[in-house]
1. Take the Cα atoms of the chain, find their three principal axes, and give me the spread along each one in whole Å, biggest first.
2. So if we plug the beta-carbon distance of MET1 and VAL107 into 1/(1 + (r/R0)^6) with R0 = 45 Å, what FRET efficiency do we get, rounded to 0.05?
3. Could you tell me which of rounded, prolate or oblate describes the stretch 105-235, using a ≥ b ≥ c as the square roots of the eigenvalues of the alpha-carbon gyration tensor, with rounded for a/c under 1.5 and, failing that, prolate when a/b is larger than b/c and oblate otherwise?
4. How large is the translational diffusion coefficient of the stretch 45-178 in µm² per second when you combine the Kirkwood radius over alpha carbon pairs with Stokes-Einstein at 10 °C and 1.306 mPa s?
5. Step through the table entries LYS157/LYS234; LYS4/LYS91; LYS4/LYS157; LYS157/LYS177; LYS171/LYS234, compare each Cα-Cα distance with 20 Å, and write down the pairs that go over it.
6. Around MET1, with a cut-off of 14 angstrom between Cβ atoms, what is the net charge of the other residues, counting Lys and Arg +1 and Asp and Glu -1?
7. So how do ASP174, ASP195, ASP168, ASP71 rank on accessible area, 1.4 Å probe, biggest first, that is with the largest at the start?
8. Give, as ranges by residue number, the residues of the stretch 156-179 whose backbone N falls under 16 Å from the point 7 Å along Cα→Cβ of THR41.
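The values are calculated or read from the model by the stated rules, or taken from the named source; none is laboratory data. Treat the numbers as computed from the prediction; the structure is a model and nothing was measured. Cβ sites come from the backbone with ideal geometry, for glycine too, and all protein chains shown count toward neighbours. SASA here: full protein model, heavy atoms, side chains in, ligands and nucleic acids out. Shrake-Rupley method; radii C 1.70, N 1.55, O 1.52, S 1.80 Å.
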Amino acid sequence: MNFKRILLKLSGEALAGTQGFGFDPQVMSEYAKSIADAVETKTQIAIVIGGGNIYRGAQGEQTGKWRVKGDQMGMLATVINGLALAEAFEKEHCAAQVFSAFPTGPVATPYSVEAVEEALQQSKVAILTAGTGNPFFTTDSAAALRASELHCDALLKGTRVDGVYDCDPEKNPDAQKFDSLTFEQAYERRLRIMDLTAFTLCRENNIPIIVFNMNRIGAFGRLLRGESIGSIVKN
């Protein structure tokens with residue numbers, strides 16, 4: 001596939017590396033470098049980042065918090081991650097701009113399609129934080145929504161595994177990988193690629209989802225150069 005503009009979905013947990021919480025400097029540096037290198041190919045890149053390395057909204061209900069407050073805390077965690085990622089890009093001399101789905105004062109630029117469009121045209125990496133700005137929506141849903149709004153060629157989901165499997169490959173060594181499958185096939189097999197809201201948005205807006213291992217050095221760049229990396233889900 002030829003990508004002119006992509007939406008990259010990264011989990012907050014990925015930024016923590018093996019330590020499980022906060023930020024792993026080496027992981028942050030490797031991510032920033034691989035993405036910065038891709039910008040040099042003139043691919044426009046927007047990133048939606050999760051917040052699980054700091055706080056997950058679902059934790060709120062487990063500790064007795066009202067779900068809305070828990071989700072708001074989770075959205076704020078994504079803003080922190082966005083700022084940390086922007087700093088990593090700065091070290092790679094790559095221009096990046098942090099956007100927030102709700103007002104954050106001087107911390108981030110308020111999200112709008114027009115503002116992000118301008119940043120992308122200036123070859124900046126657009127880091128989209130605070131999810132959709134609403135509770136009850138995951139950052140997967142935010143990624144699908146932003147990919148639709150920004151007319152991205154594909155949604156790339158960077159994970160710890162190298163594609164979509166029929167079961168968890170980290171638990172079952174006999175898990176079978178899919179190189180390509182349709183949205184219908186993924187739905188019928190109940191494959192947990194993204195949440196249903198995100199999955200439906202991509203399907204209805206004809207945005208392919210590519211699942212790949214972001215931790216494999218060079219995989220992101222190879223994918224953007226057209227190599228068959230990971231698994232693709234499309235209409």
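1. 47, 47, 35
2. Details: r = 35 Å, r/R0 = 0.77.
Taking R0 as 45 Å, the efficiency between MET1 and VAL107 is 0.80.
3. Values: a/c = 1.90, a/b = 1.56, b/c = 1.22.
Prolate shape, in that a/c is at least 1.5 and a/b is the bigger ratio.
4. Values: Rh = 16.0 Å.
It diffuses with D of about 99 µm²/s by this estimate.
5. Working: LYS157/LYS234 14 Å; LYS4/LYS91 25 Å; LYS4/LYS157 17 Å; LYS157/LYS177 16 Å; LYS171/LYS234 26 Å.
Violating the 20 Å limit, Cα to Cα: LYS4/LYS91; LYS171/LYS234.
6. Details: positive: LYS4, ARG5, ARG222, ARG225, LYS234; negative: ASP153, ASP179, GLU227.
Local net charge: +2.
7. Values: ASP174 115, ASP195 40, ASP168 65, ASP71 20 Å².
Putting ASP174, ASP195, ASP168, ASP71 in descending order of accessible area: ASP174, ASP168, ASP195, ASP71.
8. 156-158
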